[in-house]
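Report on the structure given below.
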Amino acid sequence: MEQIKAAIRTIPDFPKPGIQFKDITPLLADGDLFRQTIDAFKTRHADQEIDVVVGIEARGFIFASALAYALGAGTCLVRKPGKLPHTVHRQTYDLEYGTDAVEIHSDAFRPGQKILIIDDVLATGGTVAATIQLIQSHFDVEITEINFLLELVSLGGRKKIPSLPVHALIRY
Ligand code: AMP
C-alpha cells in the first residue's frame, strides 16, 4: 500500500486555490500498481457475490469497470446531468456555492441485487452521499460497501455516509 500511496501526487491549488488535488494518473500508468490496487478491492469482495459495481463520474469509472471485471459483476455509471441517454433518476446536492446533481438510468438494477459503490477520492462526501440517496430512493438493492482509493480524513466525508460500511485503501 505504501507503493500505491507513493504513486499518487499532490498538486497544490488545482483546480482552485486552496485545493490539494490528489492526482492518481501516475498510479494508473503503472501496470503493477494498478493491478495491486484492483486486487486489493477484489480481495475484500471476493466472497460476496456482488451483482453490480457502481462507479461515480469520472475517475470512479476506472475502478468500477476493472473491479467489476475482476469480480465477474456488471458495472453501472452514475453521471453528471445530461450525459445518460435513457430515462434517469436525479439527485441534487449542495456545493459550497450552488448545487450539483447526479443521475442514474431508471433501469440500472433489478430488485434484490447486491451492489458496491466506488470512487477515487472521498473528500467532503457530498457526491457519494447524493449517489447513495439516489440509489436508495429508487431501487430495492443492498449496498454492500462504499469503497474509495483514498480518503481525505480531515474533510470529514464519512459523516455524510451514516449506517453504511465505508472502506478506503489509503487515508490522508
Ligand atoms: P466530495 O463530494 O467533496 O467528496 O468530492 C468527491 C469528488 O471530487 C470525487 O469524485 C473526487 O474525484 C473529486 N475530488 C474532491 N476533492 C479532491 C481532491 N482533493 N483531489 C482529487 N479529487 C478530488
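If I go through region 40-55 residue by residue, how many of them are of a type in the set (Gly, Ala, Ser), away from the ligand (no atom under 16 Å from the Cβ) and in contact with a strand residue (DSSP E or B) (Cβ under 8 Å, 6 or more places away or on another chain)?
Final tally of qualifying residues: 1.
Residue by residue, here is whether (1) within 16 Å of the ligand (Cβ to nearest atom); (2) of a type in the set (A, V, I, L, M, F, W, C); (3) touching a Lys or Arg at 6+ places or on another chain (Cβ under 9 Å) holds:
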site: Glu57; (1), (2), (3): yes, no, yes
site: Ala101; (1), (2), (3): yes, yes, yes
site: Ile117; (1), (2), (3): yes, yes, no
site: Val128; (1), (2), (3): yes, yes, yes
site: Ile135; (1), (2), (3): yes, yes, no
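Restricted to region 48-75, and to residues that are closer than 16 Å to Ile115 by Cβ and acidic (Asp, Glu), which residue is surrounded by the fewest Cβ atoms within 10 Å (Cβ to Cβ)?
The qualifying residue surrounded by the fewest Cβ atoms within 10 Å (Cβ to Cβ) is Glu49.
Residue under question is Thr124, and the condition is that it be touching a Leu at 6+ places or on another chain (Cβ under 6 Å) and hydroxyl-bearing (Ser, Thr, Tyr); does it hold?
Answer is yes for this residue.
How many of the residues making up region 130-163 are over 24 Å from Asp39 (Cα atoms), touching a helix residue (DSSP H, G or I) at 6+ places or on another chain (Cβ under 8 Å) and buried (at least 20 other Cβ atoms within 10 Å of the Cβ)?
1
When both residues are 6+ apart or on different chains and their Cβ atoms are under 7 Å apart, which pairs have a first residue that lies in region 108-119 and is modelled with pLDDT of 95 or more, and a second that is charged (D, E, K, R) and assigned to a loop (DSSP other than H, G, I, E, B)?
These pairs meet every condition: Pro111/Asp140; Gly112/Asp140; Gln113/Asp51; Lys114/Glu49; Lys114/Asp51; Ile115/Asp51.
The values are calculated or read from the model by the stated rules, or taken from the named source; none is laboratory data. Remember, it's a predicted structure, so these values are computed and weren't measured experimentally. Backbone-built Cβ (ideal geometry, glycine too); neighbour counts: all protein chains shown.
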